[in-house]
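First the structure, in the form of structure tokens, and then the observations on it.
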Amino acid sequence: MEIRRSFETQLQSLKENLMEMGQFVRRMLQKAMQALVEQDIPLAQEVISDDDVADAMDINIETKCIRLIALQQPMAGDLRVIGTVIKVIADLERVGDYSVDIAKTAIRLAGEKYFKPLELISKMANIVDDMIGKALTAFLEKDLQLAQEVCNEDDEIDHIYKNLFDELLDYMRKDPNLIYQATYFLFVARYLERCADHIVNVAERVNYMVTGQLLQLAPSHRSTAEE
Amino acid sequence: METQNVNFYYGDNQVLKNITIKIPANRITAIIGPSGCGKSTFLRLFNRMNDILEGARLEGKVLIDGVDIYDDKAIDVAMLRRRVGMVFQRPNPFPMSIFDNVAYGPRIHGLHKKKNLKEIVENALRQAALWDEVKDKLYNSAMELSGGQQQRLCIARCLAVEPEVILMDEPASALDPISTLRIEELMQELKEKYTIVIVTHNMQEAARVSDYTGFIYRGELIEFAPTVDIFEHPQNKLTEEYITGRFG
């Protein structure tokens, strides 16, 4: 017998809203990277205006969460879902912001011929994209193993970021004419690395939602980036 | 205070099934569960209030300070009920003055000296956060007080005989929200000196006031844990379903 059907419906719609927001910022990041690689200014501008939509989604979902807490007094598993959603939308919103930063970089560099193909940056972006997809599925399906996979992937991101950092510094040392572009590439790598950290947060929240335990699933995920 | 493998029957009807629990001293323990689950019967184990019902039968042990309170050689029931006070769902002041209500217990327990009695009454009323509201009308009838005040009076009456434990059976369910919060606040003050066990069907109340929560379902203690654990991540699926309102 379903006693709290109306509450259940609202909780379900909250999860759907979060999935929509997740897919939306994931698409923003994909578009921003495409704009950067293909030096596509209109696409980059689209990402910048998408940010208002992502922000509105964030506020809308948070408002729903607060309202559910106030009016329905959720407990236990329900409470953890709502607490998770509140935290996760903040992380997703940040991914949207970093996508905008990448889009702005794409516009700045649009008139320049890149001194090297963006292989490692694209590789990072693909991994982050994969992490977002997995984290969202983990949320929807309460899949702890998938959440853990997301966290494991972060190690690879940190590894590539470090290599890229060394490589770009090397270019800059050898040819100061490359500093302008290389610095922006470094920024983009940094944005992607930060996105990955936010997605690790999402995965950790999924773990909390399911188990009630707040754990650092990727203890190494801070080390390389912060050093 | 604890129970060991307690089974309790009304005639052929088994109301409590193999309950073993240790109630922490100077803490508030809430017992929750759907209507008819046995939670009030459980509460009444501790002051032997179930004894008066016909066909009542207990197996197992109920211990206070390590002493079996169902061992008639070791325990005087009147003395037990002084040590283990009780507050009921509906405020039940006696039809007498506020003063006499609070003085009733000390008088029958032989505290006759008037000066002493006044002190006891004032003390109990202060502890029950009622003194300031009634100090100028101690000799008015208790029936003139509001529901919330009457309930605090009953708490004062219970405190006047210096109990160690206070049992509360839905103490706020007949009160308005503000009076409810006042009783809950009072409980936080009282737990410094007393061990409190409260039975409530209001889960939010249990979550607000208690340190530990036990969930009883069909006479079984399903889960007993710190209140934060019960309401944030209960271990048992039945507990989860009950407190999230998936059944009741």
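Only beta bridges with both residues in the protein assembly as shown are counted; by DSSP, about 55 percent of them are antiparallel.
The loop-placed chymotrypsin sites (Phe, Trp or Tyr not before Pro) in the stretch B:168-248, going by DSSP, that have at most 15 neighbouring Cβ atoms within 10 Å of their Cβ come out as B:Phe247. Remark: the protein assembly as shown projects, on average over all directions, an area of 29.6 nm² (convex hull of Cα atoms). Think of the protein assembly as shown as having a plus end and a minus end, set by charges on the Cβ of Lys, Arg, Asp and Glu; of B:Ala160, A:Leu164, B:Ile31, B:Ala160 sits farthest toward the positive end of this dipole. Can you check what the net charge comes to around A:Glu46, using other residues whose Cβ is under 14 Å from the Cβ of A:Glu46 (Lys, Arg +1; Asp, Glu -1)? Once all neighbours under 14 Å are counted, the net charge is -2. Between the amide H of B:Thr20 and those of B:Asn5, B:Val6, distances stay under 5 Å, these residues lying 5 or more places away or on another chain, with hydrogens modeled in the peptide plane. Could you pull out every residue, at least 5 positions away or on a different chain, whose amide H is within less than 5 Å of the one on B:Ala56? Hs are placed 1.01 Å off N in the peptide plane, and Pro or chain starts have none. Placed amide hydrogens put B:Gly11 under 5 Å from B:Ala56.
For the stretch A:2-211, the residue among A:Ile3, A:Met33, A:Leu192 whose Cα projects farthest onto the positive side of the dipole built from Cβ charges is A:Ile3.
For the stretch A:69-139, trypsin sites (Lys or Arg not before Pro) meeting the loop criterion (DSSP other than H, G, I, E, B) and having at most 13 other Cβ atoms within 10 Å: A:Lys113.
Take each residue in A:73-81, count the other chain C-beta atoms within 10 Å of its C-beta, and the mean is 6.
In the Gaussian network model of chain B, springs joining C-alpha atoms below 10 Å, which of B:Ile98, B:Ile166, B:Ile108 carries the largest mean-square fluctuation? In the Gaussian network model the winner is B:Ile108. Farthest toward the positive end of the dipole of the protein assembly as shown, out of A:Leu43, B:Leu138, A:Ile179, is the Cα of B:Leu138, where the dipole comes from beta carbon charges about the Cα centre. Mean per-residue shielding of peptide B:235-243 is 2, counting Cβ atoms of other chains within 10 Å of each Cβ.
Going by average Cβ density within 10 Å per residue, which order do the peptides A:181-188, A:200-207 take, highest to lowest?
A:200-207, A:181-188
Note on B:Leu53, A:Leu18, B:Leu138: ascending count of other Cβ atoms within 10 Å places them as B:Leu53, B:Leu138, A:Leu18, the fewest first. Considered as an equivalent ellipsoid built on the Cα gyration tensor, the stretch A:2-211 has semi-axes of 37, 18, 11 Å, the largest given first. Restricting the GluC sites (Glu not before Pro) of the stretch A:40-120 to loop positions (DSSP other than H, G, I, E, B) with no more than 15 neighbouring Cβ atoms within 10 Å leaves A:Glu112. Relative to the Cα centre, the charge distribution of the stretch B:131-191, modelled as +1 at Lys and Arg Cβ and -1 at Asp and Glu Cβ, gives a dipole magnitude of about 140 debye.
Read-outs throughout are calculated quantities, based only on the coordinates presented, and are distinct from any laboratory measurement. Because the structure is predicted, anything quoted here is derived from the model rather than measured. So basically every Cβ, Gly included, is an ideal-geometry build from the backbone, and we count neighbours across all protein chains shown.
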